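Student: Below: one structure in structure tokens.
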């Protein structure tokens, strides 16, 4: 378990969010951190994919060919 101290503005915002969502402040903070970490992970994966494209490690195909391959 980790303890954090929020600045006054964040504390008010999380209190308001928790009240509106009928959840605890702890749950609101946990949900926000989970979403942030998922977004961060997605951004890292996107950067890796862009690097691979820049290095020509993957072959690009057109949209119609991609759709066709889904139904084969």
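Read the figures in this text as sums done on the coordinates, not as results from a lab. Values in this document were obtained by computation on a predicted structure and should not be read as measured data. Methodologically, a virtual Cβ is constructed for each residue, glycine included, from the backbone with ideal geometry; neighbour enumeration extends over all protein chains shown.
Student: Among 26-33, 65-72, how do they line up by average Cβ neighbours within 10 Å per residue, starting with the highest?
Tutor: Peptide ranking by packing, descending: 26-33, 65-72.
Student: Could I ask something else about it? Could you quote the convex hull projected area for the chain, Cα atoms only and averaged over all directions, in nm²?
Tutor: Answer in nm², one decimal: 9.3.
Student: What angle, in degrees between 0 and 90 and rounded to the nearest 10, separates the Cα long axis of helix 25-54 from the longest principal axis of the Cα atoms of the chain?
Tutor: So the helix axis and the longest Cα principal axis differ by about 20 degrees.
Student: Further, regarding this structure: Run lengths n ≥ 4 of DSSP H only: what is the helix-derived mean residue ellipticity at 222 nm for the chain, with -39500 (n - 2.57) per run over all residues, to the nearest 500?
Tutor: Working: 3 runs with 52 residues, N = 72.
So the helix-based figure for the chain works out to -24500 deg cm²/dmol.
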